[in-house]
1. With axes computed from alpha carbons, what is the tilt in degrees of helix 34-50 against the longest principal axis of the chain, rounded to the nearest 10 within 0 to 90?
2. Ignoring ligands, DNA and RNA, what percent of the 1.4 Å accessible area of the chain is carbon and sulfur?
3. Given the options PRO57, PRO20, PRO74, which has the most mean-square fluctuation in a GNM of the chain, springs set between C-alpha atoms less than 10 angstrom apart?
4. How much FRET efficiency would the formula 1/(1 + (r/R0)^6) give for ALA22 and ARG65, where r is the Cβ-Cβ distance and R0 is 35 Å, rounded to 0.05?
5. Return the loop-located chymotrypsin sites (Phe, Trp or Tyr not before Pro) in the chain (DSSP other than H, G, I, E, B) with at most 10 other Cβ atoms within 10 Å of their own Cβ; answer none if there are none.
6. For the range 22-44 and the range 58-85, write down the distance between their C-alpha centroids in whole Å.
7. Averaged per residue, what accessible area in Å² does the chain show with a 1.4 Å probe, protein chains only?
8. Given +1 on the Cβ of Lys and Arg, -1 on the Cβ of Asp and Glu, and no further charges, what dipole in debye does the chain carry about its Cα centre, rounded to the nearest 20?
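The values are calculated or read from the model by the stated rules, or taken from the named source; none is laboratory data. Treat the numbers as computed from the prediction; the structure is a model and nothing was measured. Cβ atoms come from the backbone with ideal geometry, glycine included; neighbour counts cover every protein chain shown. Just the protein is used for accessible areas: all its heavy atoms, side chains included, with ligands, DNA and RNA removed. Shrake-Rupley method; radii C 1.70, N 1.55, O 1.52, S 1.80 Å.
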Amino acid sequence: MLDLCHGPGWGLEAVVRRFPAARVTALDFTDTFRRTAQARAEQAQDRNFRDGHPAVPIVWVGPDRWAGFGHPLPFARGVFDAVRL
């Protein structure tokens with residue numbers, strides 16, 4: 001799943017909690033909220049782990065690989081089964 005423009009991570013946290021086995025790539029054109037988003041995702045992964053689910057690492061992609069809207073995404077077509085906007 002691609003979390004497009006993860007921002008402070010509210011949606012990312014919900015995805016990780018609801019789908020603990022999902023492979024997630026979190027993408028944003030700025031690192032402004034990255035620490036906050038990472039903390040939320042880690043808390044959700046910790047809850048999942050306590051409930052017996054494995055923690056699946058999240059791939060973080062920032063401004064070093066994507067310049068934002070109007071620029072192509074740094075992934076091949078069809079890589080993701082779902083996109084959260």
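1. Roughly 30 degrees between the two axes.
2. 54 percent
3. Largest GNM mean-square fluctuation: PRO74.
4. Efficiency, from the Cβ-Cβ distance: 0.95.
5. Loop-located and lightly packed - PHE69.
6. Taking the Cα centre of the range 58-85 as reference, the centre of the range 22-44 is 13 Å away.
7. That works out to 65 Å² per residue.
8. Magnitude of the dipole: close to 120 debye.
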